[in-house]
Amino acid sequence: MHPTIWKASGHVDAFNDPLIDNKDSKKRYRADVLIEEHMAKIEEKITKELRRPGNDSVRQFDEKKFREPIQGYG
């Protein structure tokens, strides 16, 4: 796309892509990617715990309700 289109649409002035630097590994990460990866790990732990044999909380847990977006947040 032509640069003037990016400017006119506000992408040049308002663009914000927060990055996080890891001083140990000298790598740079996008904040949104780190958050999504962390949320995937949490969801994996929840799923694993619910599928664990002998887990009585499975009977009390409504997975459909858990996965529904919170009103006003999604």
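Can you give me the % of accessible surface on the chain that is carbon or sulfur? Probe 1.4 Å, all protein chains present, nothing else counted.
56
Straight-line reach from K48: which aspartates and glutamates fall under 17 Å, measuring Cα to Cα and dropping same-chain residues less than 8 apart?
Filter leaves E37, D56, D62, E63.
To the nearest 500 deg cm²/dmol, what mean residue ellipticity at 222 nm is calculated for the chain from DSSP H runs of n ≥ 4 alone, each contributing -39,500 (n - 2.57), summed and divided by the residues?
-14500 deg cm²/dmol
Return the label of the correct value of Rg/Rh (Cα atoms, Kirkwood Rh), as calculated from the structure shown, out of [x] 0.98; [y] 1.21; [z] 1.16.
Computing Rg/Rh (Cα atoms, Kirkwood Rh) and matching it to [x] 0.98; [y] 1.21; [z] 1.16 gives [y].
Cα axis of helix 31-51 to longest principal axis of the chain: angle in degrees, 0 to 90, nearest 10?
10
Which FRET efficiency value, to the nearest 0.05, is calculated for M39 and F15 with the Förster distance at 35 angstrom and r the Cβ-Cβ distance?
Calculated value: 0.90.
The values are calculated or read from the model by the stated rules, or taken from the named source; none is laboratory data. As the structure is a computational prediction, the values presented were derived from the model and not from experiment. Quick reminder, even Gly has a Cβ in these numbers, built from the backbone with ideal geometry, and neighbours come from all protein chains shown. Surface areas here come from the heavy atoms of the whole protein model, side chains and all, with no ligands, DNA or RNA. Shrake-Rupley method; radii C 1.70, N 1.55, O 1.52, S 1.80 Å.
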